[in-house]
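What follows is one structure encoded as structure tokens, with my remarks underneath.
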Amino acid sequence: MSSFVVAPAIMTGIGLTFAVILAVAYRFLRVHEDPRIDDTELLLPGSNCGACGQPGCRAFAEQLVAGALTPSLCTVASADAIAAVADYLDVDPGRQEKRVARLHCAGGRGQAYQIAEYRGLSSCAAASVVSGGGKGCSWGCIGLGDCRGACGFHAIAMNLNGRPAVDINACTACGDCVAACPRDLFELIPLSHKLLVQCRAPLAGDMATALCRTACDACGRCAADAAPGLIRMEDNLPVVDYSAGGPALPEATQRCPTGAIQWVEGAQFAAGGDGRVRRGGIHARAS
């Protein structure tokens, strides 16, 4: 028999054999998937931001259908969308307090002292490796906007003072800015937590204020003025622990000599901030 006939016959036989094997495997080994997962995924925003703690909307939909999570954990979806998911799955939508990205640094161009002029790639990550961006404080915000570039929701703008202003309405607490900051200055904080420490320099007294006018000088007055247990000093910095004490009141900020701790309502920094800082007052904000 000619090889021109044998070779195609053999290949056809091999193909049919594997086809049968795959068909049998699919019939007996396939994993059933709840069709509600597809429908639930379509009801979600599709941003795949990870703010819910899952790697994407598909994984979140799987957990919702399994009853392991509640729809309100999606910080991107509107209230109507969350209600639609809850109605479809016939579950409680749940409740989650809104969180926003807050920056633990108030040292913009008008506060942090420059020791050199940085010329290079306009990137915080690059500047932190080369010269720290030229600022004397090696713990503070470099101000070149890596966080702004990382935010897929356009919730961050660099203000006139070189600090990232977060739009609390657009912020979804996805955490991309947290990952992008080379100095680990961003933290996702519940909006109701209004006492905010805006310094990460572990120095004290003149050593701290010689680097930045709004640096914490470790005086400890905020801890003394706050409710018992609410604020403690660690490594020359105040740590606000809502689980250990309270209530939190703006009075804890009023004797701060530098404005390193603020009572923040709404946006932390004004989008067009010019560098002025209101220190130690009720409802104070750093521009």
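The values are calculated or read from the model by the stated rules, or taken from the named source; none is laboratory data. Keep in mind that what you see is a predicted model, and the values were worked out from it rather than measured. No Cβ is skipped: glycine too gets one built from the backbone with ideal geometry, and neighbour counts run over all protein chains shown. Keep in mind that these areas ignore ligands, DNA and RNA; they rest on the heavy atoms of the full protein, side chains included. Shrake-Rupley method; radii C 1.70, N 1.55, O 1.52, S 1.80 Å.
Quote the FRET efficiency, to the nearest 0.05, computed for His154 versus His193 with a Förster distance R0 of 22 Å and r equal to the Cβ-Cβ distance.
Computed FRET efficiency for His154 and His193 comes out at 0.35.
If r is the Cβ-Cβ distance from Ala68 to Val178 and R0 is 25 Å, what FRET efficiency results, to the nearest 0.05?
FRET efficiency, Ala68 to Val178: 0.55.
For the chain, give the magnitude of the charge dipole about the Cα centre (Cβ charges: +1 Lys/Arg, -1 Asp/Glu; no others), in debye to the nearest 20.
With Lys and Arg at +1 and Asp and Glu at -1, about 980 debye.
In the chain, which cysteines lack any other cysteine Cβ under 4.7 Å from their own?
Cys52, Cys57, Cys74, Cys124, Cys137, Cys151, Cys171, Cys181, Cys212, Cys219, Cys222, Cys256
Mind putting together the pair-distance distribution for the range 21-111? All Cα pairs, 5 Å bins, whole percent per bin, short to long.
2, 13, 20, 19, 10, 8, 8, 8, 5, 3, 2, 1, 1, 1, 0
Along Cα→Cβ, 7 Å out, is where each label goes; now give me the distance between the ones at Ile21 and Arg255 in nm to one decimal.
Taking the simple label geometry, Ile21 and Arg255 are separated by 7.9 nm.
Over all Cα pairs of the chain, how is the pair count split among 10 Å bins, expressed in % and running from 0 up to the last occupied bin?
In whole percents, the pair-distance histogram is 6, 23, 24, 18, 11, 6, 5, 4, 2, 0, 0.
With helices defined as uninterrupted DSSP H runs, which ones in the chain have an alpha carbon span along their own long axis of at least 24 Å and mean Kyte-Doolittle hydropathy of at least 0.5?
Working: long enough: 3-29 (38 Å, 1.87).
Membrane-span-like by this rule: 3-29.
Which value in nm describes the separation of the simple spin-label points at Val129 and Ser243, placed 7 Å from the Cα toward the beta carbon?
It is 3.6 nm.
Using 0.36 nm per residue, how much length does the chain from Ile14 to Asn169 gain when fully extended, once their Cα-Cα distance is taken away?
Result for the pair: 49.8 nm of gain on full extension.
State the percentage of accessible surface on the range 57-197 attributable to carbon and sulfur atoms; use a 1.4 Å probe and exclude ligands, DNA and RNA.
Carbon with sulfur: 53 percent of the solvent-accessible area.
Leaving out ligands and nucleic acids, note down the accessible area per residue over the chain with a 1.4 angstrom probe, in whole Å².
Here the residues of the chain average 53 Å² of exposed surface.
For a quick check: with amide H placed at 1.01 Å from N, whose amide H comes under 5 Å from Ile168's, ignoring anything fewer than 5 positions away on the same chain?
Amide H neighbours of Ile168, under 5 Å, 5+ apart: none.
Show that you can apply the helix-only estimate: for the chain, add -39,500 (n - 2.57) for every DSSP H stretch of four or more residues, divide by all residues, and state [θ] at 222 nm to the nearest 500. Before the final figure, lay out each step's value.
On the way: 9 runs with 83 residues, N = 287.
Counting only the DSSP helices, I get -8000 deg cm²/dmol.
Would you work out which of Cys49, His104, Pro93 lies farthest towards the positive end of the dipole of the range 10-138? Charges go on Cβ: Lys and Arg +1, Asp and Glu -1.
It is His104, whose Cα lies furthest towards the positive end.
Scan the range 55-103 for trypsin sites (Lys or Arg not before Pro) in coil per DSSP, keeping those whose Cβ has at most 16 other Cβ atoms within 10 Å, and list them by number. If you can, show how the numbers build up before the last one.
On the way: sites: Arg58, Arg95, Lys98, Arg99, Arg102; in loops: Arg95, Lys98.
Here the trypsin sites (Lys or Arg not before Pro) that fit, given the DSSP loop and packing criteria, are Arg95, Lys98.
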